[in-house]
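Readers should treat all values here as calculations from the given coordinates under stated rules, not as data from a laboratory. Computed from a predicted structure; not experimentally measured. So basically every Cβ, Gly included, is an ideal-geometry build from the backbone, and we count neighbours across all protein chains shown.
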Amino acid sequence: MKILGIAGWSGSGKTTLVLKLIPALLQRGVAVSTVKHAHHNFDVDKPGKDSWEHRRAGAREVLVASGRRWALMRELRGEAEPTLADLLDRLAPVDLVLVEGYKREPHPKLVVHRAAVTGPPLWPDDPNAVAVACDRETADAVRADGLPALDLDDAGAIADFIADWLELHA
């Protein structure tokens, strides 16, 4: 199972790109799963639902299942946040896992960068950067650093790059 991070500063367009890449990669025959890191409290459940009530009552894990999907929620209740490796071990095998966030982890990354977004470029200091999806204002700097500069607005071309990268690293 190959892993490719989609890394960048908040507001750079990571989520927008991931949402375009998933169907583009599926069209190329690539089975995709995702891992998204949240920097804040989040909830996938709603107050009043039975599963929410189970967690509120103190259950460590609550598994909800139907004929269409299942979801497992685990309350850490003071435990350390799981590592990316721990989370990846829980996924069923696919061709590619797109990891949004975890920009400081040592896995291959497609960096997303817009000149208008604050924050220094991530790729010069990250030896795991394989390419940068960027705007025109950034492309020359990316190429000068020896990385492919991909048009952030061309999800098809980025999906082609990823598919080629997967074949190269198979």
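Things to note:
- Assigned charges on the beta-carbon of Lys, Arg, Asp, Glu; the chain dipole about Cα centre (debye): 640
- Mean separation of Cα contacts under 8 Å (6+ apart) over length of the chain, as relative contact order %: 32
- Pairs of Lys residues in the chain are counted when their Cα atoms are under 20 angstrom apart and they lie 8 or more places apart or on different chains; the count is 14.
- Dimensions of the stretch 1-82 along the principal axes, based on C-alpha atoms and rounded to the nearest Å, stand at 43, 34, 25, largest first.
- Taking every alpha-carbon pair in the chain and binning the separations at 5 Å intervals from zero gives 1, 8, 15, 18, 18, 14, 11, 7, 5, 2, 1, 0 percent.
- Stokes-Einstein D in µm²/s, Kirkwood radius over Cα pairs - the stretch 84-149 at 20 °C with 1.002 mPa s viscosity: 163
- Neighbour-count order for Arg90, Arg68, Arg114, fewest beta carbons within 10 angstrom listed first: Arg68, Arg90, Arg114
- Least to most buried among Phe161, Phe42 (fewest other Cβ within 10 Å first): Phe42, Phe161
- Span-like helix ranges in the chain, DSSP H, alpha carbon extent 18 angstrom or more, Kyte mean at least 1.0: 14-27, 155-168
- Between Ser12, Ser51, Ser66, the GNM of the chain built on Cα springs shorter than 10 angstrom shows Ser66 fluctuating the most.
- Of Leu72, Leu87, Leu110, the residue with the greatest mean-square motion in the GNM of the chain, using alpha carbon springs below 10 Å, is Leu72.
- For the chain, DSSP calls about 20 percent of its internal beta bridges antiparallel.
- Taking other C-beta atoms within 10 Å as the exposure proxy, Thr34, Thr16 rank Thr16, Thr34 from fewest upward.
- Of the residues Asp160, Asp89, Asp45, the one that moves most in a GNM of the chain with alpha-carbon contacts below 10 Å is Asp45.
- For the stretch 124-170 versus the stretch 2-76, the gap between their alpha-carbon centres in whole angstrom: 25
- Nearest-0.05 FRET efficiency for Asp140 and His169, computed from C-beta distance (R0 25 Å): 0.40
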